[in-house]
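What follows is a set of notes on a single structure, which appears directly below.
The values are calculated or read from the model by the stated rules, or taken from the named source; none is laboratory data. Everything quoted here is computed from the prediction, not taken from an experiment. Positions of Cβ are backbone-derived with ideal geometry, glycine not excepted, and every protein chain shown enters the neighbour counts.
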Amino acid sequence: MAHKQPGYRFENDWEPEMSASDAKNVAAGIALPIYEEIKLNNTVLNLDNVKHYLQKAKKIAIMDCPCRTKRHHCDAPRDVCIQLNDVAEKGIASGKSRKVTIEEALDAVTRAHNAGLVPMAYIRTDSPKPEGVNYICNCCSCCCSILGLTLRFGMAPHILKSIATTITDESKCASCGICEDRCHFGARKIVNGKLEYDKDLCFGCGLCVSTCPTKAITLIPLL
């Protein structure tokens, strides 16, 4: 995965005005556990959340990630942008996406998770009849026009909200650094051989939880 540090700019990077058209239909964001319904847009999910929304969907479609297609900052999978229900119908009709089965969609989001992508759920207000969450993009912090800009300009604590976080059992933590590499938000860092964790930068995406070799990290709801 490409650089994720706050403030890092790529040669072929998004400028704030370039992403304005992408962001005009989304608002604030929250990270939430599986049993909560999404009320806001631009929402950070975890893998269980994504599976939950796929299983509830009446129709599912997949399209290539427009951000990674445009920016090419990493080699993460592109065919992992998920459209649900009304947005899926619109995408299929326009030829921009293809209809898939629940099994194909689950494979796509699992590949995205394994690649270290952050699942972001959107309520597309430009849809004819928005039915709650209807767009799930699996984002990298190097290419994504919304997540990338949010992180690179240090706006995550001000824009993204979370009702889930992680805790670490220090007696199990081996300070191996895998969680540091998986965290796009900079919440986990190995300093002088020890893990330093900033809970204010954790948005409950769960990328660190599934790859911790000692199972020291647990995802928990805040409410």
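Filter region 79-124 down to residues that are part of a loop (DSSP other than H, G, I, E, B) and of a type in the set (Lys, Arg) and give me whichever is nearest to PRO66 (Cα to Cα).
Among those that are part of a loop (DSSP other than H, G, I, E, B) and of a type in the set (Lys, Arg), it is LYS96.
Can you list the strands (runs of 3 or more DSSP E) found entirely within region 130-223 that contain at least 3 residues being closer than 18 Å to LEU117 by Cβ?
135-139
For every residue, the table says whether it meets (1) over 22 Å from ASP13 (Cβ atoms); (2) buried (at least 20 other Cβ atoms within 10 Å of the Cβ); (3) in contact (Cβ under 8 Å) with a residue 12 or more places away in the chain.
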| position | (1), (2), (3) |
| --- | --- |
| ILE136 | yes, yes, yes |
| MET155 | no, no, no |
| ILE167 | yes, no, yes |
| GLY193 | yes, no, yes |
| CYS208 | yes, yes, yes |
| LYS215 | yes, no, yes |
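Please give the number of the condition LYS59 fails out of (1) free of Cβ contacts under 8 Å to residues at least 40 places away in the same chain; (2) surrounded by fewer than 21 Cβ atoms within 10 Å (Cβ to Cβ).
Unmet condition: (1).
Kindly indicate whether VAL50 is assigned to a helix (DSSP H, G or I), of a type in the set (Val, Ile, Thr), in contact with a helix residue (DSSP H, G or I) (Cβ under 9 Å, 6 or more places away or on another chain) and closer than 14 Å to TYR122 by Cβ.
For VAL50, the condition - assigned to a helix (DSSP H, G or I), of a type in the set (Val, Ile, Thr), in contact with a helix residue (DSSP H, G or I) (Cβ under 9 Å, 6 or more places away or on another chain) and closer than 14 Å to TYR122 by Cβ - is met.
What tally of residues in region 53-96 results from selecting those that are touching a Leu at 6+ places or on another chain (Cβ under 9 Å) and of a type in the set (D, E, K, R)?
3
Return the only residue of VAL80, VAL50, VAL87 being aliphatic (A, V, I, L, M), modelled with pLDDT of 95 or more and crowded, with 20+ Cβ neighbours inside 10 Å.
VAL80
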